[in-house]
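The block underneath contains the structure these notes are about, expressed in structure tokens.
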2 protein chains.
Amino acid sequence: MGGVKVRNLAGAADLGRRDRKKHETRAALERAALDLVAEHGLGGVTVEDISQAADVSSRTFFNYFSCKEEAIIGGPPVMAAEIADSMAAAPPGLPVVEVLRLALRAEAGRLQRRREWWLLKMRVFERNPSLLPHLLANGAEVERSVQAAVAARVGDGPGALGYPMLAAAVACTAFRCAVVRWAAETGDAGAPDLRDLLDEAFDALAAGLPDPSSE
Amino acid sequence: MGGVKVRNLAGAADLGRRDRKKHETRAALERAALDLVAEHGLGGVTVEDISQAADVSSRTFFNYFSCKEEAIIGGPPVMAAEIADSMAAAPPGLPVVEVLRLALRAEAGRLQRRREWWLLKMRVFERNPSLLPHLLANGAEVERSVQAAVAARVGDGPGALGYPMLAAAVACTAFRCAVVRWAAETGDAGAPDLRDLLDEAFDALAAGLPDPSSE
């Protein structure tokens, strides 16, 4: 039994190392893709360029992403899983709108920690409109994932079109609005924390969008 | 004076006739564009085909639309103006969320009266993903118009990124969710009225998105 345990621990360490390595390679490819496209535009960059800059083969590239667009957009499938995990881990009995706030606040923290990277990403999106369909597909995936998590909390099927769809779509919209405000603030010292902007939006949602003058 | 009045009335009648004629031509072009693209796909239809089917010249087509995609998407710039007008006409003192409900309910009524036309439109959008950027641009225009109307009601500038952006984006999202539910209902007799689905969404918004079990 002791031997098995040691082997399992060693196996877990291997797995941890392999996962870390994968994570690093993925991050290096995303970084290289974003930097290159920010400099040369989407049309001026190939998968080979990105792979070379990240010091891996094109074959390795395709282990992580199916196209250069996906490498630039990067995180969203990860984001969908992170948000769903946060929502599943939220205390039972917490109102759905607060569960959504909690999960999206954690996501906002991830963006806040890499503000410059995200602002660069948004500039690249603006300048390369052909990324739009990919961006939308990812946004839709995040929204579906949130919708399924809401449905699970209220005891509906994952594709339920009533409350789960509305709550998920509205929460994702509030997140998008907070990000737009956050990106519009260009002052370095005075730039707001995305989590505060998200909280402000969720305060308004939870209160039923009261007129600002009546607050 | 009497003579001037008569001339003005005659002028108004002329104007009314011209406007009606314009409206009819526009509607005929939209109808032709949608029918042809539903049958042949976007790639299989030209501006000439659409103009011919609507019995006008291509030159006339371009008085109304800048490209075939615009003719298929049709109404949204009209929609943006209609919603803004409804919002401006809402009683002063009415809470913003109810102003939004009122304006979007009127829009929902317009969709409800032409349910089959809108369902065909949505099928054409799904089958021709290259329409997506045009559709998004129109959606963004509607949202900006709603945002400006909210800002005007709460005394903010038209591009205000706080409450006006959030309220406008959330209201448009609620509209979109109601439309998705409406389109998913295929039963002819039992299909819900879009205005009822929109009301349901706005009831939830105005109440702060309470959990359905706690209602």
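How far apart, in nm, are two points set 7 Å out from the Cα along the Cα-to-Cβ line at residue A:78 and at residue B:55?
A separation of 6.1 nm, rounded to one decimal place.
Only four residue types carry charge here, +1 at the Cβ of Lys and Arg and -1 at the Cβ of Asp and Glu. Report the dipole size of chain B about the Cα centre in Debye, rounded to the nearest 20.
Charge dipole, chain B, about its Cα centre: 940 debye, nearest 20.
Within the protein assembly as shown, count lysine pairs with alpha carbon atoms under 19 angstrom apart where the residues are 8 or more positions apart or belong to different chains.
4
Using the reciprocal of the averaged 1/r over all distinct C-alpha pairs, how large is the Kirkwood radius of the stretch A:116-196 in Å?
Here the Kirkwood hydrodynamic radius works out to 14.4 Å.
Quick one: net charge around residue A:45, please, counting Lys, Arg +1 and Asp, Glu -1 for every other residue with C-beta under 12 Å from its C-beta.
-4
Can you compute the modelled spin-label distance between residue B:85 and residue B:23, with each label point 7 Å from Cα toward Cβ, in nm?
0.9
Convert each backbone phi in the stretch B:104-109 into a coupling constant with the Karplus relation 6.51 cos²θ - 1.76 cosθ + 1.60 (shift: θ = phi - 60°), then list the ³J(HN,Hα) values in order as whole Hz, x for Gly and Pro.
Couplings: 6, 5, 4, 5, 4, x Hz.
Among A:149, A:108, A:88, whose mean-square fluctuation peaks in a Gaussian network model of chain A (Cα, cutoff 10 Å)?
Sorting by GNM fluctuation, first place goes to A:88.
How much FRET efficiency would the formula 1/(1 + (r/R0)^6) give for residue B:199 and residue B:48, where r is the Cβ-Cβ distance and R0 is 35 Å, rounded to 0.05?
Calculated transfer efficiency: 0.20.
³J(HN,Hα) across the stretch A:90-101 via Karplus (A = 6.51, B = -1.76, C = 1.60, θ = phi - 60°), whole Hz, x for Gly/Pro?
5, x, x, x, 5, x, 3, 5, 7, 4, 5, 4
Choose one answer from B:33, B:167, B:184: the residue with the largest mean-square fluctuation in a GNM of chain B with alpha-carbon springs under 10 Å.
B:184
With the crude spin-label approximation of a point 7 Å out along Cα→Cβ, what separation in nm comes out for residue A:67 versus residue A:117?
Roughly 2.4 nm, to one decimal.
Which residue, A:38, A:191, A:171, has the most motion in a Gaussian network model of chain A that connects Cα atoms within less than 10 Å?
Maximum fluctuation in the GNM of chain A, among the listed residues, is at A:191.
For the protein assembly as shown, what does the helix formula give at 222 nm: sum of -39500 (n - 2.57) over DSSP H segments with n ≥ 4, over the residue count, nearest 500 deg cm²/dmol?
Helix contribution divided over all residues of the protein assembly as shown: -25000 deg cm²/dmol.
Quick one: putting +1 on the C-beta of Lys and Arg, -1 on the C-beta of Asp and Glu, what dipole do you get for the protein assembly as shown around its Cα centre, in Debye to the nearest 20?
Using Cβ point charges on Lys, Arg, Asp and Glu, the protein assembly as shown gives about 540 debye.
Which distances in nm, rounded to one decimal and ordered from shortest, link the label point of residue B:119 to the equivalent label points in the other identical copies, with labels set 7 Å from Cα toward Cβ?
4.9
Would you tally the net charge around residue A:83, using a Cβ to Cβ cut-off of less than 15 Å, leaving residue A:83 out, and scoring K and R as +1, D and E as -1?
Around residue A:83, the surrounding residues sum to +1.
Can you work out the Karplus-derived ³J(HN,Hα) for every residue in the stretch A:157-170? Use 6.51 cos²θ - 1.76 cosθ + 1.60 with θ = phi - 60°, whole Hz, and x for glycine or proline.
Taking θ as phi minus 60°, the curve returns x, x, x, 4, 8, x, 4, x, 5, 4, 4, 5, 5, 5 Hz for the stretch A:157-170.
Could you give the radius of gyration (one decimal) and Dmax (whole number) of the Cα atoms in the protein assembly as shown, in Å?
Answer for the protein assembly as shown, Rg first and Dmax second: 25.4, 110 Å.
Please report the net charge: other residues with Cβ closer than 14 Å to the Cβ of residue B:109, K and R +1, D and E -1.
Around residue B:109, the surrounding residues sum to +2.
In whole Å, how far is the Cα centre of the stretch B:159-209 from that of the stretch A:39-76?
Answer, in whole Å: 39.
Bear in mind that the values in this text are calculations on the coordinates, not laboratory data. Please read all numbers here as calculations on a predicted model, not as lab measurements. All Cβ positions, even for glycine, are placed from backbone atoms using ideal geometry, and neighbour counts span all protein chains on display.
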